[in-house]
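*Asks:* Just passing along the structure, written as structure tokens.
The values are calculated or read from the model by the stated rules, or taken from the named source; none is laboratory data. The structure displayed is predicted, hence computed values, not measured ones. Cβ sites come from the backbone with ideal geometry, for glycine too, and all protein chains shown count toward neighbours. Heavy atoms of the whole protein, side chains included, go into the accessibility calculation; ligands, DNA and RNA do not. Shrake-Rupley method; radii C 1.70, N 1.55, O 1.52, S 1.80 Å.
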Amino acid sequence: MKEKITVNPNIHFGKPCITGTRIPVLNVLELIGEGLTFEEIIRDYYPELQVEDIQACVKYAIEVIEAEDIHIAM
């Protein structure tokens, strides 16, 4: 799935995008966060995407969070 997400400093200031598009991963994740289904996202916002592209966005977010070290100050 990693090949579905690209980081290019010349596209959206280096924010991760779906490969072959200028669609930022964040935009897709925000739509999911608003409660839209994958099918609604494709139908109403990004008809050029496939379900696998949206799944790749979710997986990318999981991998970023998984790799993040969280430090809690007490």
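*Asks:* Do any residues in segment 25-38 that are under 17 Å from Gln50 (Cα atoms) have Cβ atoms under 7 Å from those of residues that are open to solvent by less than 60 Å² (accessible area, probe 1.4 Å) and not hydrophobic (A, V, I, L, M, F, W, C), where the two are at least six apart or on different chains, and which pairs are they?
*Replies:* Matching pairs, first to second residue: Val25/Pro16.
*Asks:* Which of the residues that make up segment 1-54 are small (Gly, Ala, Ser) and on the phi > 0 side of the Ramachandran plot?
*Replies:* Gly14, Gly20, Gly35
*Asks:* Looking at Gly20 and the list (1) more than 12 Å from Tyr60 (Cα to Cα); (2) not in a loop (DSSP other than H, G, I, E, B); (3) not β-branched (Val, Ile, Thr), which single condition is not satisfied?
*Replies:* (2)
*Asks:* If you scan segment 4-17, which residues turn out to be free of Cβ contacts under 8 Å to residues at least 12 places away in the same chain and within 19 Å of Ile62 (Cβ to Cβ)?
*Replies:* Correct list: Val7, Lys15.
*Asks:* Return only the number of the condition from (1) assigned to a helix (DSSP H, G or I); (2) crowded, with 17+ Cβ neighbours inside 10 Å; (3) in contact (Cβ under 8 Å) with a residue 24 or more places away in the chain that Lys59 does not satisfy.
*Replies:* Single failed check for Lys59: (2).
*Asks:* In addition: Just to check your reading of the model, which residue among Leu26, Leu31, Leu36, Leu49 is at pLDDT 95 or above and open to solvent by 100 Å² or more (accessible area, probe 1.4 Å)?
*Replies:* Exactly one residue qualifies, and that residue is Leu26.
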